[in-house]
Amino acid sequence: MAHQALPFAITLDILKRRLPAHLQEPKIGIVCGSGLSTLASALRDVVEVPYSELEGFGTSTVQGHKSSLAFGLLGPGNGIPVVAMLGRFHPYEGHKLSTVVYPIRVLARLGVRNLIITNAAGSLNPKLPVGTIVAIQDHVAIPNMAGPLNPLLGPSLGPEYPRFLPLSNAHSIKLRRLAFLAAHKLGLADDALAEGVYAWVSGPTYETPAEGRFLRAAGADVVGMSTIPEVLAAREEGLEVIVLSLVTNFVVIPDKYRSIKEEVKAELAGKPIEQPPQQVVSHQEVLNVGKQKADVMKDLVAKIIEMIPTD
Ligand code: HPA
C-alpha cells in the first residue's frame, strides 16, 4: 500500500472529537504487551477509544490483548498526558506491516515524542530468569534480514523521512538511563531490571531448540514476536524509544538431544532409560507471568514517565 493512502487525517479527526482538550496532545506513548494492559489502571481521567472506532486500525486477535487506545494523565500534580496502546498488531495475525505500525505513526502525529514499548519475551540467557524485566539495548530482526518484513519497505512517506534509517542508535540511551534510575528510586532488586539484546522472530510458532541455540549464538538474550516493526516506524518518525521486555519463559534449549537410538537399544537390552517429559512453552504460561509481574512493569513505566523532561 502506498503510504499516501494511509488515513491519518480521518483517524486524527475521530480522536479530536472523542478527547477532551487536556488529553489531545500526549507527549509520551506506551505500548502494552501480553498481560501488561493493566498499565492503563495507573492513568487518571482515562478515555478509552476502541481500535474498532479508529480508521486505519486493525483488530487485535490475540488472547490476553485488549484492543483500544487509552488516553489519560500520569504522575504528580496536574499529571502528564499520555496515550497507551492496549493491545498491538502482529504480522503473524495476518496484518500488513503498514497496519502493524499505523498506530505508532498516529501517536507521532498526536505529538508523542517518547515511546515506551513493553512486551513478553522468552529468555535465551540463563542469567535472565522468568520475571526479569530487560531494558533492550539492541536487536536482531531476523524477518528483516531474511525476508520482506521490514515495515519501512516501499515508497517513502515524504522528503523529510530518511530513506536509509540508521539503527545503531535505535534504542535510546537517555530513556534507558531513566529506567535504571527509576528502578533505583522504586527500590527494585538489582536483578529485577537487566540489559540485553532482543531477537525479533515472526512467530506464531515458538522456537525449536536449534532455533533457540541459533539466536543465542547470534548474540540475543531474549526473543519475541513483536515490537521491532514498532521501533522502526517510531525511529523513522523521530521518536525516542525504550523497549522493556518481561521474561515470561525460558526458550527450551536442552544441552544435548535425547538419543532415541540409545533409548531403544537400552530398552531392547532390558535396561530402559527413564526420561523426564519433554518441555514446551505455552501461551498461558506467558500470560500468567505477565499478570504476576504487571504491577512491577506498571510502577517502572510510571516512574520513567515521571522522570522524562516535559519541555
Ligand atoms: N519465543 C518467542 N516469543 C515469545 C516467547 C518465546 O519463547 N515468549 C513470549 N514471547
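The table that follows gives values for the structure above.
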| read-out | value |
| --- | --- |
| Total residues in the stretch 109-130, condition within 13 Å of the ligand (Cβ to nearest atom) and touching a Leu at 6+ places or on another chain (Cβ under 8 Å) | 5 |
| Residues within the stretch 192-219 that are in contact (Cβ under 8 Å) with a residue 60 or more places away in the chain and not hydroxyl-bearing (S, T, Y), tallied | 16 |
| Entirely in the stretch 157-246, the helices (runs of 4 or more DSSP H) that have 1 or more residues that are closer than 18 Å to I142 by Cα and aliphatic (A, V, I, L, M) | 209-217, 228-236 |
| Number of positions in the stretch 131-153 that are crowded, with 18+ Cβ neighbours inside 10 Å and either in contact with a Leu (Cβ under 7 Å, 6 or more places away or on another chain) or not in a strand (DSSP E or B) (or both) | 10 |
| Any chance I273 is away from the ligand (no atom under 14 Å from the Cβ), in contact with an Asp or Glu (Cβ under 7 Å, 6 or more places away or on another chain) and either at pLDDT below 95 or among the charged types (D, E, K, R) (or both) | yes |
| Test: residue in the stretch 93-106 that is among the hydrophobic types (A, V, I, L, M, F, W, C), buried (at least 22 other Cβ atoms within 10 Å of the Cβ), away from the ligand (no atom under 16 Å from the Cβ) and closer than 20 Å to I304 by Cβ | yes |
| Close pairs (8 angstrom Cβ cut-off, 6 or more residues apart or separate chains): within 15 Å of N144 (Cα to Cα) in the stretch 220-240, acidic (D, E) and in a loop (DSSP other than H, G, I, E, B) anywhere | V223/E207 |
| Failed item in (1) of a type in the set (A, V, I, L, M, F, W, C); (2) in a loop (DSSP other than H, G, I, E, B); (3) in contact with a helix residue (DSSP H, G or I) (Cβ under 8 Å, 6 or more places away or on another chain); (4) more than 15 Å from C32 (Cα to Cα), with F89 passing the rest | (4) |
| Residues that are at pLDDT below 95, β-branched (V, I, T) and within 24 Å of D295 (Cα to Cα), drawn from the stretch 89-133 | V130 |
| Members of the stretch 87-117 found to be within 12 Å of the chain's Cα centre (by Cα) and more than 26 Å from K16 (Cα to Cα), listed by number | H90 |
| Residue in the stretch 63-73 that is buried (at least 23 other Cβ atoms within 10 Å of the Cβ) and within 16 Å of the ligand (Cβ to nearest atom) present | no |
| Sole residue being of a type outside the set (F, W, Y), in contact with a helix residue (DSSP H, G or I) (Cβ under 6 Å, 6 or more places away or on another chain) and not in a loop (DSSP other than H, G, I, E, B), chosen from V49, V82 | V49 |
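The values are calculated or read from the model by the stated rules, or taken from the named source; none is laboratory data. What you are looking at is a predicted structure, and each value in this text was computed from that prediction instead of being measured. Quick reminder, even Gly has a Cβ in these numbers, built from the backbone with ideal geometry, and neighbours come from all protein chains shown.
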